[in-house]
Amino acid sequence: MAIKPNINTTPVELRPEFQFAVSVDCVIFGYDEDALKVLLIECDLPAFRGQWSLLGDLLRPDEDLDAASYRVLRERTGLENVFLEQVHTFGRVGRHPAGRVVTTAYYSLVNVRDHQLRQMDNELHWHPVQEVSQMAFDHLEILGTCHQSLRKKVQEEPVIFNLMEDKFSLRELQAVYEAILDVKLDRRNFRKKLFSTGLLTDLGELEQNVPHRPGRLYSFHREEYARMRKKAFGGIDF
């Protein structure tokens, strides 16, 4: 007599392991007023009334994780084709008051001046990362994790140029690096390392209407970076 295998015949839609939600949360970084900033929205859940949260949403039945994160960015900032990187998945039991929700965090880098925030029923503002001390859900942990990932990334690849204008001075570029890494960099050493990468194009122009001695303007040499990547870009170790 054949022994029947022990198979759970409970319909999939009724099994407990299928009774939870999946979401994405986007840590949108920008640089403005000499500070690394993050875009936050006022939480509208009663449990976190008056607190700020990251921009996110539940996955729709017909979309994957990357598509959902790009949708959140597009709906909140109006931007398309921006830098976006998946960082970590957070699934602690009880992290959401509405039920079991597992979320995957992404961070994005946007030029603050390139877009106009979409008006919504609840407030949406840029906040200096260093001043954010309390958030809804576990979003402070998510923000910290993404910030650490960004610090590592900017020394491996020139993603920092996503935060810059098309033309920038070395003074401005160093200020952005310092804001992200939370360190004071030696000016001469910084410039030496940046020039050694070959990623800067001297535009032959000077800054205009600045309160200090005008610096030369540069742009990011995307073609050179694409060529270097084929040989493995070595990164920029400050």
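For the reader, a short list of remarks on this structure follows.
- Here the strands (runs of 3 or more DSSP E) wholly within region 30-130 that include at least 3 residues being closer than 29 Å to Phe18 by Cβ are 55-58, 83-90, 101-109.
- Some residue of region 214-224 being of a type in the set (D, E, K, R), in a loop (DSSP other than H, G, I, E, B) and either in contact with a strand residue (DSSP E or B) (Cβ under 6 Å, 6 or more places away or on another chain) or surrounded by fewer than 16 Cβ atoms within 10 Å (Cβ to Cβ) (or both): no
- Boolean, Leu199 is at pLDDT below 95 and more than 20 Å from the chain's Cα centre (by Cα): yes
- Pairs, first over 8 Å from Ser169 (Cβ atoms) in region 209-220, second of a type in the set (Phe, Trp, Tyr), C-beta under 6 Å, six or more apart: Phe220/Phe161
- Within region 71-123, the residues that satisfy the criterion of being closer than 24 Å to Arg151 by Cα and of a type in the set (D, E, K, R) are Glu80, Glu85, Arg113, Asp114.
- Selected residue (criterion: nearest to the chain's Cα centre (by Cα)) from residues of region 20-63 that are among the small types (Gly, Ala, Ser) and under 21 Å from Pro128 (Cα atoms): Gly30
Here is a yes/no grid of residues against (1) acidic (Asp, Glu); (2) assigned by TED's automatic domain parsing to the domain that holds Ala105:
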{"site": "Phe137", "(1), (2)": "no, yes"}
{"site": "Ala175", "(1), (2)": "no, no"}
{"site": "Asp186", "(1), (2)": "yes, no"}
{"site": "Thr201", "(1), (2)": "no, no"}
{"site": "Glu207", "(1), (2)": "yes, no"}
{"site": "Arg216", "(1), (2)": "no, no"}
{"site": "Phe220", "(1), (2)": "no, no"}
{"site": "Asp237", "(1), (2)": "yes, no"}
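- Of all residues making up region 168-182, the number that are within 21 Å of His127 (Cβ to Cβ) and either among the β-branched types (Val, Ile, Thr) or touching a Ser or Thr at 6+ places or on another chain (Cβ under 9 Å) (or both): 2
- Here Phe161, Phe190, Phe195, Phe238 are screened, and the one residue that is among the aromatic types (Phe, Trp, Tyr) and in a loop (DSSP other than H, G, I, E, B) is Phe238.
- Residue in region 177-188 that is touching a strand residue (DSSP E or B) at 6+ places or on another chain (Cβ under 7 Å) and exposed (fewer than 13 other Cβ atoms within 10 Å of the Cβ) present: no
- Test: residue in region 135-146 that is outside any strand (DSSP E or B), in contact (Cβ under 8 Å) with a residue 40 or more places away in the chain, loosely packed, with under 14 Cβ neighbours inside 10 Å and not charged (D, E, K, R): no
The values are calculated or read from the model by the stated rules, or taken from the named source; none is laboratory data. Predicted model only: the values in this text are computed from it and were never measured. Cβ: placed from backbone, ideal geometry, glycine included. Neighbour counts: every protein chain shown.
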